[in-house]
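Values quoted throughout were computed directly from the atomic coordinates according to the rules given, and no laboratory measurement underlies them. Values in this document were obtained by computation on a predicted structure and should not be read as measured data. So basically every Cβ, Gly included, is an ideal-geometry build from the backbone, and we count neighbours across all protein chains shown.
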Amino acid sequence: MNGPPSRGIATKKALLFEYGKLPMSLNARWEVEDVLKIVFPPALQKVQYDVAVRLVKHLLLEGEMDGRAISKWQAEAAVANSTLRNLVIPKLVRTGLLARERRSPTGQDDKDKRHKMVIKPSLRFGQALQHVGREWNSLVETARIKRDQKDEVA
């Protein structure tokens, strides 16, 4: 055995999605807080949830933030560096809610670490969930059609 027995999915990689307990009705317009309850369940990750809500709302207004803007916002919002940079931003990037990219100033090569890092809201989270949903619907519809055809032949 390579490591300790599994204790489930690490919270840094998990989403809390339970159809019967969604944060908001499927017929209602969800807000930032509702979507982030799936990524950072407040009952389990209250501080990270609160920081993520404030950060994402700020990013939606600003469009993007570089390292200096993140540091300035962090100081104004009184957010711990370890929470923001080690927990919240990485999970938002991993789930596709934010995109992180390096901007290359003119005259620098790709290997230069002085490229400006920028974070901005991303559509990848929604696109991935839409794709998963479409694929699941296709699987269920195909199974139904095959089952109906099998019943007709019998």
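Between helix 124-153 and the chain there is an angle of about 10 degrees, using the helix long axis and the longest principal axis of the Cα atoms. Computed from the Cβ-Cβ distance with R0 of 41 Å, the FRET efficiency linking Lys116 to Leu22 stands at 0.60. Subtracting the Cα-Cα distance of Ser71 and Leu123 from their residue separation scaled by 0.36 nm leaves 16.3 nm. All alpha carbon pair distances within region 11-122 were sorted into 10 Å bins beginning at 0; the resulting P(r) in whole percents reads 13, 42, 30, 11, 3, 0.
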